[in-house]
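Visitor: Handing you a structure now.
Every number in this text was worked out from the coordinates using simple rules, so none of it is lab data. Not measured: the values here are computed from a predicted model. When we count neighbours, we look across all protein chains shown, and the Cβ atoms used for this are built from the backbone with ideal geometry, even at glycine.
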Amino acid sequence: MRACIRRGASQIGGNLIELEAEGSRLVLDAGLPLELEGAPPRDLLPDVPGLWADSDGSLLALLISHAHPDHYGLADLVAPSVPIFIGEHAAAILNEAVFFVPGVRPFPLAGHLRHREPLSFGPFTVTPWLVDHSAFDARRGRWPAAPIHRRRARARSQAPDSRGPRPRSPRRGRPAP
């Protein structure tokens, strides 16, 4: 299998990843870049054969991970021959957003992604997993096991303090700042 990050590796937003195996392809997300600089959406289309115009039929589907514009924002420009899949609740949110949010454009769906229900597309088997996701400026990585307020409290209680005991706050018995 070959993976090609068409957009989203060196920027935040505008995700588009192409997977290829045995002559067949899948695309993950067709996102709108966060920094548009006034460019019309058609000018933002990465060169992916068969995604924007009919091709040789090797592109089997577009899978949209979630309902944020940097993941679905160009989906309405996808060629009609490409089936599009997104989570059922995400699709419902987007259908309602069309009325309320300028710039949200509807696109046809071939089906829904459901938690832990595998879908087969030629040589690909995709098993969606429901995950929690926050928005722009999200963090990832290993975080300390103890929340920071507990670590600070533990450090204060173990450190020698020549000032004596800290006065208590009248609210909830916490130490005063």
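Visitor: Search region 8-24 for residues that are more than 16 Å from S55 (Cβ to Cβ) and pair each with any residue that is surrounded by 12 or more Cβ atoms within 10 Å (Cβ to Cβ) and among the polar types (S, T, N, Q) when their beta-carbon atoms are under 6 Å apart and the residues are at least 6 apart or on different chains.
Guide: From region 8-24, the pairs are G8/N15.
Visitor: Right, another one. Provide a single number: the residues in region 1-26 that are over 16 Å from S58 (Cβ atoms) and of a type in the set (K, R).
Guide: Count: 1.
Visitor: Can you confirm whether P46 is closer than 23 Å to V131 by Cβ and surrounded by 14 or more Cβ atoms within 10 Å (Cβ to Cβ)?
Guide: Details: closer than 23 Å to V131 by Cβ: no; surrounded by 14 or more Cβ atoms within 10 Å (Cβ to Cβ): yes.
Criteria not met by P46.
Visitor: When you scan region 69-77, do you find a residue that is in contact with a Lys or Arg (Cβ under 6 Å, 6 or more places away or on another chain), surrounded by 18 or more Cβ atoms within 10 Å (Cβ to Cβ) and of a type outside the set (S, T, N, Q), even just one?
Guide: Going residue by residue through region 69-77, those that are in contact with a Lys or Arg (Cβ under 6 Å, 6 or more places away or on another chain) are 76.
Next cut, surrounded by 18 or more Cβ atoms within 10 Å (Cβ to Cβ) only: none.
There is no residue in region 69-77 that is in contact with a Lys or Arg (Cβ under 6 Å, 6 or more places away or on another chain), surrounded by 18 or more Cβ atoms within 10 Å (Cβ to Cβ) and of a type outside the set (S, T, N, Q).
Visitor: Please state which of the following conditions D54 fails to meet, knowing it meets all the rest: (1) in a loop (DSSP other than H, G, I, E, B); (2) touching a strand residue (DSSP E or B) at 6+ places or on another chain (Cβ under 8 Å).
Guide: (2)
Visitor: Related question: Tally time: how many residues in region 15-48 are within 21 Å of I86 (Cα to Cα) and part of a loop (DSSP other than H, G, I, E, B)?
Guide: The first filter runs over region 15-48 and keeps only residues within 21 Å of I86 (Cα to Cα), leaving 15-20, 24-34, 41, 45-46, 48.
Those still in the list that are part of a loop (DSSP other than H, G, I, E, B) too: 15, 29-32, 34, 45-46, 48.
Looking only at that region, the number is 9.
Visitor: Still on this structure, please answer the following. It is to be established whether one or more residues within region 12-19 are of a type outside the set (V, I, T) and farther than 25 Å from W129 by Cβ.
Guide: The initial filter retains those residues of region 12-19 that are of a type outside the set (V, I, T), namely 13-16, 18-19.
Next, only the ones that are farther than 25 Å from W129 by Cβ stay: none.
No, region 12-19 contains no residue that is of a type outside the set (V, I, T) and farther than 25 Å from W129 by Cβ.
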